[in-house]
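**Q** Before we start, here is the structure in question, set down as structure tokens.
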Amino acid sequence: MEKIGGSVIRNRQFEILLYLLKVKKVTHKELSEMFEVSVKTIQRDVDKLSMMGVPVTCKQGNQGGIYIEESYKLTESFFTNEDLQTITIALSMYDSISSNRNKDQVMKKLALISPELVDLLETDANDYFVVDFTGEKIDMTESVYKKINHCLDEEVLLAVTCGDEQILVAPISYVLRSEGLYLYAYDVDYLLIDISTIKEAQCTEIEFERTFISYKEHTQFIFK
């Protein structure tokens, strides 16, 4: 995640912003198909960008779509040096545990803002910050992860089968522990589910409100 004016901006919202800066106008449907989320989710993303001061507007009709002000540009003040350092280290950590190699793509985008600094930070992160996980790397393109990601984005309940038991949960976040990757979720209570034990996952259309206690705030867990 990145920040604009102190507010957190999710990766997809940042991607939408970069795309708008390139094309200046796009429809909700085009973005929905591009990011494989609903039109409703795209509208939430656009509303979030607008709330953070990005000059985006939506117009109806034949010439309708999502527009960004022609004069709006990203500047070096968009990120502080500390922001870029945090992002670079986070990307290096993600690259160490994931089989999906998209770090270079993200770094190229960050380099549009401050190429010299980003190059220096990446070199430092590679040389001085090493994450050594002995287990297999995580493939976030697998079906289970895609469905979890969809439910996180769309804020809809997820049906998971662990062993012989099927439960309906509201996914809250991923949790990386030394034992592996878990899903922090809510059923009638808070759960920490070992994702490697999930035999099957199905998305529902049942919406939920994200008003849960965060993992960091919670101290007692039930393991599935």
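**Q** Out of all the residues in region 145-153, is one or more of a type in the set (D, E, K, R), under 27 Å from Gln43 (Cα atoms) and at pLDDT 90 or above?
**A** Yes, region 145-153 contains a residue that is of a type in the set (D, E, K, R), under 27 Å from Gln43 (Cα atoms) and at pLDDT 90 or above.
**Q** Where the second residue is of a type in the set (Gly, Ala, Ser) and in a loop (DSSP other than H, G, I, E, B) and the first is within 25 Å of Glu209 (Cβ to Cβ) and free of Cβ contacts under 8 Å to residues at least 40 places away in the same chain and lies in region 44-61, which pairs have Cβ atoms under 8 Å and are six or more apart or on separate chains?
**A** Cys58/Gly64
**Q** Write out, first by first residue and then by second, each pair whose Cβ atoms fall under 8 Å of each other, whose residues are 6+ apart or on separate chains, and whose first residue, in region 203-218, is modelled with pLDDT under 90 while the second is surrounded by 13 or more Cβ atoms within 10 Å (Cβ to Cβ) and of a type in the set (D, E, K, R).
**A** Correct list of pairs: Glu209/Glu155; Arg210/Glu155.
**Q** So, one more: Residues that are among the charged types (D, E, K, R) and loosely packed, with under 15 Cβ neighbours inside 10 Å: which strands (runs of 3 or more DSSP E) entirely in region 163-224 hold 1 or more of them?
**A** Because the criterion is at least 1 residues that are among the charged types (D, E, K, R) and loosely packed, with under 15 Cβ neighbours inside 10 Å, the strands (runs of 3 or more DSSP E) in region 163-224 that meet it are 165-177, 198-207.
The values are calculated or read from the model by the stated rules, or taken from the named source; none is laboratory data. As the structure is a computational prediction, the values presented were derived from the model and not from experiment. FYI the Cβ positions are ideal-geometry reconstructions off the backbone, even for glycines, and counts take in every protein chain you see.
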